[in-house]
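Participant: Before anything else, here's the structure in question.
The values are calculated or read from the model by the stated rules, or taken from the named source; none is laboratory data. Treat the numbers as computed from the prediction; the structure is a model and nothing was measured. Please note: Cβ atoms are built from the backbone with ideal geometry, for glycine as well, and neighbour counts cover all protein chains shown.
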Amino acid sequence: MAKRLARALRACCFFPLIPAVQAADLPDYQRNSAWFTDGDSRVETRAVESRRDKTAKNVILFVGDGMGISTLTAARILEGQLRGEDGEENTLSFEEFPYSALIKTYNTNQQTPDSAGTMTAMMTGVKTRAGVINIDSAALRADCAGSKGHELNTFLELMESRGKSTGIVSTARITHATPAATYARSPERNWEYSADGDCKDIAAQLVEMEFGDGIDVILGGGRRNFITTDAGGKREDGRDLTSEWRQRYDGEQQAQYLQSGADLSALDLTATDKLLGLFTSSHMSYDADRVATGADEPSIAEMTSAAIDVLQKNDDGYFLMVESGRIDHSHHAGNAYNALHDAIAFSDAVAAALDRVNLDETLILVTADHSHVMTIAGYPTRGNPILGKMVTNGADGAPLADAGAAADGLPYTTLSYANGLGYADLDDETDADARYDTAADTGRKDLSAVDTQAPGFHQEALVPLGSESHAGEDISLHAIGAGARLVQGTLEQSAVFHLMVGATGLPVTAE
Ligand SMILES: [Zn+2]
């Protein structure tokens, strides 16, 4: 009898037997809350995005060098605060993307990675050692002979050799580790203008690129590695690679070599097939420095826009890599101000790309290569300046007595570093690297009279190091457009290559 009743209950319906307690309707004030409507529209956007075509004709890979999660959070708050908002509710352009994943960044020989090994993973699908560019982990760093037979080919080279157009943009030297890993093979990342043994330096590899007809758009810093010592450069082999690059296309394509932001603004991009812009001798300026000094350099958004304008003339599609190289450098110097301002400029570059592409045929990926040891600490009140000192407010909104002081009675900043050069007050100096002129000064300082929001303030650090270090936690990958829905979960960094291959359907062997 009991068994038969149980069977009957299973076959029929439990619900009518359970008395209704209370209908779970959501009250108006809940459904009309800004948090509620905002979440609703974001999920709706995601539903639209999930119906997009899987196959991408074009891929744009944005890499914020050293742009860890804490940098993203702090940069989004600063961007909102620069507009007069509290800041926490703001989102950077790519934080609106519907798909994201966490990325494990370690190198084959290091728990905390460097940019050469991490970009090799993204561009080739194979992780390798720190300091090594597109050479697999069987070879040792800086061993030219040992690197032979271990060279890896890149996603950019695959795209170029399949008839697509290709471009690279960086605010660092265009021969620096991240951009170099799109086109070069070198057992030593520092062989930018000369190399050991019969290995070829990175700048020479760029202008001699054997795949397709070479990289179509090259915009960034590092002119010194392409010109001779006599001309103010670094090359001792007498070669002027900028003129070699122009001669390569002479009479066949419209190739333009530029050295200033004004040159780029004046250029007719519709009549340009090949574009080489080397705007500074070494790295380009920090964005805040570029603005403050009126330097004749394009912004990263301007370089991104120009690159897309040239590349999208190819009906077969293109691959573009855009690196914000100096977020990393400012963190190394222990200066959050420039790291965050460069991250905001990077977000503007992504927005500029969004304005120009058709997402039904274009995949945009935004990621970092590794993190840094900057943290966001304490219990600052909502809207507290992200570059400021920690202030906690009571229930009435007024600052609590001594709420911004640590146990030693001194104030502290929301942002600080676990290691590095530590404290320096360079006031309105926007060049974060100026810090390297003084000795490391770590430990607690009395910041009572210091303007910690000034461009030249360098945050306190705990462990003294000659240069603040990378951090080993995961970084994020953000995706929108064709094939973006592949971007989910926690992935090895080498999977970024496979995501791009998967989204484009690019054959990885000759047809
Ligand atoms: Zn670095």
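Participant: Is it true that some residue in segment 490-504 is within 16 Å of the ligand (Cβ to nearest atom), part of a helix (DSSP H, G or I), modelled with pLDDT under 95 and buried (at least 19 other Cβ atoms within 10 Å of the Cβ)?
Facilitator: no
Participant: Here is a follow-up. From the residues in segment 370-380 that are part of a loop (DSSP other than H, G, I, E, B) and away from the ligand (no atom under 16 Å from the Cβ), which one is nearest to V463 (Cα to Cα)?
Facilitator: Out of the qualifying residues, it is A377.
Quick grid of which residues meet (1) in contact (Cβ under 8 Å) with a residue 24 or more places away in the chain; (2) part of a helix (DSSP H, G or I); (3) surrounded by 24 or more Cβ atoms within 10 Å (Cβ to Cβ):
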position: G39; (1), (2), (3): no, yes, no
position: A47; (1), (2), (3): no, yes, no
position: V63; (1), (2), (3): yes, no, yes
position: T71; (1), (2), (3): yes, yes, yes
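Participant: Follow-up. Out of D198, D213, I need the residue that is within 23 Å of K148 (Cα to Cα) and surrounded by fewer than 24 Cβ atoms within 10 Å (Cβ to Cβ). Which one?
Facilitator: On the way: D213 fails: within 23 Å of K148 (Cα to Cα).
Just one listed residue meets the conditions, D198.
Participant: Select from segment 86-115 the residues that are touching an Asp or Glu at 6+ places or on another chain (Cβ under 8 Å), assigned to a loop (DSSP other than H, G, I, E, B) and away from the ligand (no atom under 16 Å from the Cβ) and list them in ascending order.
Facilitator: Going through segment 86-115, the residues touching an Asp or Glu at 6+ places or on another chain (Cβ under 8 Å) turn out to be 87, 90, 92-93, 98-99, 102-105, 107, 113, 115.
With assigned to a loop (DSSP other than H, G, I, E, B) added as a condition, the list becomes 87, 90, 92, 98, 105, 113.
Passing the criteria: G87, N90, L92, P98.
Participant: Got a sec? Which of A142, A172 is at positive phi, in contact with a Pro (Cβ under 8 Å, 6 or more places away or on another chain) and at pLDDT 95 or above?
Facilitator: A142
Participant: Would you confirm, using the coordinates I've provided, whether L354 is in contact with a Leu (Cβ under 8 Å, 6 or more places away or on another chain) and either among the aliphatic types (A, V, I, L, M) or without any contact (Cβ under 8 Å) to a residue 12 or more places away in the chain (or both)?
Facilitator: No.
Participant: Would you confirm, using the coordinates I've provided, whether R224 is of a type outside the set (G, A, S) and either in a loop (DSSP other than H, G, I, E, B) or in contact with a Ser or Thr (Cβ under 7 Å, 6 or more places away or on another chain) (or both)?
Facilitator: Judged against the criteria, R224 is a match.
Participant: Please give the number of the condition R129 fails out of (1) within 16 Å of the ligand (Cβ to nearest atom); (2) surrounded by fewer than 22 Cβ atoms within 10 Å (Cβ to Cβ); (3) not β-branched (V, I, T).
Facilitator: (2)
Participant: Out of G383, G394, G317, I need the residue that is more than 16 Å from the ligand (Cβ to nearest atom) and in contact with an Asp or Glu (Cβ under 6 Å, 6 or more places away or on another chain). Which one?
Facilitator: Sole residue among the options that is more than 16 Å from the ligand (Cβ to nearest atom) and in contact with an Asp or Glu (Cβ under 6 Å, 6 or more places away or on another chain): G383.
Participant: Here's another thing I want to ask about it. Just need a number here: residues in segment 172-195 that are over 17 Å from I135 (Cβ atoms) and surrounded by fewer than 24 Cβ atoms within 10 Å (Cβ to Cβ).
Facilitator: Looking only at that region, the number is 1.
Participant: Now for a different question. Sort through T293, T367, T280, T362 and tell me the only one that's of a type in the set (V, I, T) and within 16 Å of the ligand (Cβ to nearest atom).
Facilitator: Criteria check complete, one pass: T367.
Each row is one residue, and each column tells you yes or no for (1) within 16 Å of the ligand (Cβ to nearest atom); (2) among the small types (G, A, S).
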residue: D441; (1), (2): no, no
residue: V463; (1), (2): no, no
residue: S467; (1), (2): yes, yes
residue: S476; (1), (2): no, yes
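Participant: Could you list, in sequence order, the residues of segment 33-66 that are more than 16 Å from the ligand (Cβ to nearest atom), within 24 Å of the chain's Cα centre (by Cα) and small (G, A, S)?
Facilitator: Hit for segment 33-66 is A56, nothing else.
Participant: Are there any pairs with C-beta distances below 8 angstrom linking a residue in segment 326-342 that is at positive phi and within 9 Å of the ligand (Cβ to nearest atom) to a residue that is modelled with pLDDT under 95 and part of a helix (DSSP H, G or I), with the two at least 6 apart or on different chains, and if so which?
Facilitator: From residues that are at positive phi and within 9 Å of the ligand (Cβ to nearest atom), there are no pairs.
Participant: Would you check if there is a residue in segment 467-475 being outside any strand (DSSP E or B), more than 25 Å from the chain's Cα centre (by Cα) and either within 24 Å of K389 (Cβ to Cβ) or aliphatic (A, V, I, L, M) (or both)?
Facilitator: no
Participant: For segment 123-137, how many residues meet the condition of being in a loop (DSSP other than H, G, I, E, B) and under 16 Å from Q110 (Cβ atoms)?
Facilitator: 9
Participant: At negative phi, among the basic types (K, R) and more than 16 Å from the ligand (Cβ to nearest atom): is that true of R83 in this structure?
Facilitator: Considered against the rule, which asks whether it is at negative phi, among the basic types (K, R) and more than 16 Å from the ligand (Cβ to nearest atom), R83 comes out as yes.
Participant: Next up: For segment 145-161, enumerate the residues that are under 23 Å from the mean Cα position of the chain (by Cα) and in a helix (DSSP H, G or I).
Facilitator: Scanning segment 145-161 gives F155, L156, E157, L158, M159, E160.
Participant: What pairs come up if the first residue lies in segment 240-251 and is more than 19 Å from I202 (Cβ to Cβ), the second is in a helix (DSSP H, G or I), and their beta carbons are under 9 Å apart, counting only those six or more places apart or on different chains?
Facilitator: No pair meets every condition.
Participant: Right, something else. Does T118 fit the bill of being in contact (Cβ under 8 Å) with a residue 60 or more places away in the chain, in contact with a helix residue (DSSP H, G or I) (Cβ under 6 Å, 6 or more places away or on another chain), farther than 21 Å from A301 by Cα and within 16 Å of the ligand (Cβ to nearest atom)? Before the answer, list the steps.
Facilitator: Details: in contact (Cβ under 8 Å) with a residue 60 or more places away in the chain: yes; in contact with a helix residue (DSSP H, G or I) (Cβ under 6 Å, 6 or more places away or on another chain): no; farther than 21 Å from A301 by Cα: yes; within 16 Å of the ligand (Cβ to nearest atom): yes.
No, not satisfied.
Participant: All but one of (1) of a type in the set (S, T, N, Q); (2) within 16 Å of the ligand (Cβ to nearest atom); (3) farther than 27 Å from I480 by Cα hold for S137; which doesn't?
Facilitator: (2)
Participant: Report yes if some residue within segment 200-215 is within 16 Å of the ligand (Cβ to nearest atom) and either in contact with a Lys or Arg (Cβ under 9 Å, 6 or more places away or on another chain) or not aliphatic (A, V, I, L, M) (or both); otherwise report no.
Facilitator: For segment 200-215, residues within 16 Å of the ligand (Cβ to nearest atom) and either in contact with a Lys or Arg (Cβ under 9 Å, 6 or more places away or on another chain) or not aliphatic (A, V, I, L, M) (or both): absent.
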